[in-house]
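Undergrad: I'd like to ask you about the structure that follows.
Each value in this text was obtained by applying a stated rule to the coordinates, not by laboratory testing. Here the structure is a predicted model, which means the values were calculated and not measured. All Cβ positions, glycine included, derive from the backbone under ideal geometry; neighbour counts span all protein chains shown.
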Amino acid sequence: MPLDYARFLVGRQRTVAANRQLGWVLAFTAGAINAGGFLAVQQYTSHVTGMVSALADNLVLGQGALVVDALVAVLAFLLGAMVCAQLVNHARRRAMASEYALPLLLEAGLILVFGLLGPWLAHYEGLLLPFTVLLLCFIMGLQNAVVTKLSHAVIRTTHMTGIVTDLGIELGKLVYWNRDRTQPPVRADRERLGVLGGLLGCFLAGGISGAYGFKAVGYGFTVPLAVLLTVLALVPAWDDLRRAR
């Protein structure tokens, strides 16, 4: 049943399979928003590493305005993660089924805001860049914190550096040939390889979809993403509403 699957995927009770499948969905979403957002404002917003490096470079070069831009982007990402923690802890203390659904509903709403306001802001270049960067950084921080909390920091979805590193480690184990028979064999975690490969593939597929969608229909490419997250997260939230009544 679709409703049962939504509860399995986003509900309070977590399983390895649910974390893996939700991680793939969110990796696709992050890839789409990151790539589509870049076409909108020529700036990636999913990885803080580049923002901090830009801050350092521009600080040395004396580009004060760009330093402020990078600093505010990092703070927006940080604020998104903080808001996620607040929502999850609030729901957890009340034993709510929507413990992880609430941040995803907020993310869906903000993605829709980006899609609806983007065409209007495009006429005001001075507003488009700062608003879009701050909003998308906040969204990425929010989403990264959600999947970090529900998977206990096992899965990341908004940046692929750690994913590719872990994938390389497991592939190294897979192809390693141990000539010393007295030593225990080195074995790759094939299940983890599948998870990591799935995250990377979904992020890439999302990026391609987001770039193509923005090129084809503009900011409207965000609507299906917002609908997808809403459909997944609405069932646990509705369960809480029914229980409250």
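Undergrad: Is there any pair with a first residue in the range 78-90 that is more than 16 Å from V147 (Cβ to Cβ) and a second that is of a type in the set (A, V, I, L, M) and in a helix (DSSP H, G or I) whose Cβ atoms are under 6 Å apart and which are 6 or more apart or on different chains, and what are they?
TA: Going by the 6 Å Cβ cut-off, there are no qualifying pairs.
Undergrad: Residues being surrounded by fewer than 19 Cβ atoms within 10 Å (Cβ to Cβ), outside any helix (DSSP H, G or I) and aliphatic (A, V, I, L, M): count how many of those fall in the range 139-175.
TA: Count: 2.
Undergrad: Another question about this same structure. What number goes with the only condition from (1) closer than 30 Å to V113 by Cα; (2) free of Cβ contacts under 8 Å to residues at least 40 places away in the same chain that L193 does not pass?
TA: The one condition L193 does not meet is (1).
Undergrad: In the list E125, E107, which residue meets the criterion of being farther than 24 Å from L3 by Cα and charged (D, E, K, R)?
TA: Just a single option satisfies the conditions, and that option is E125.
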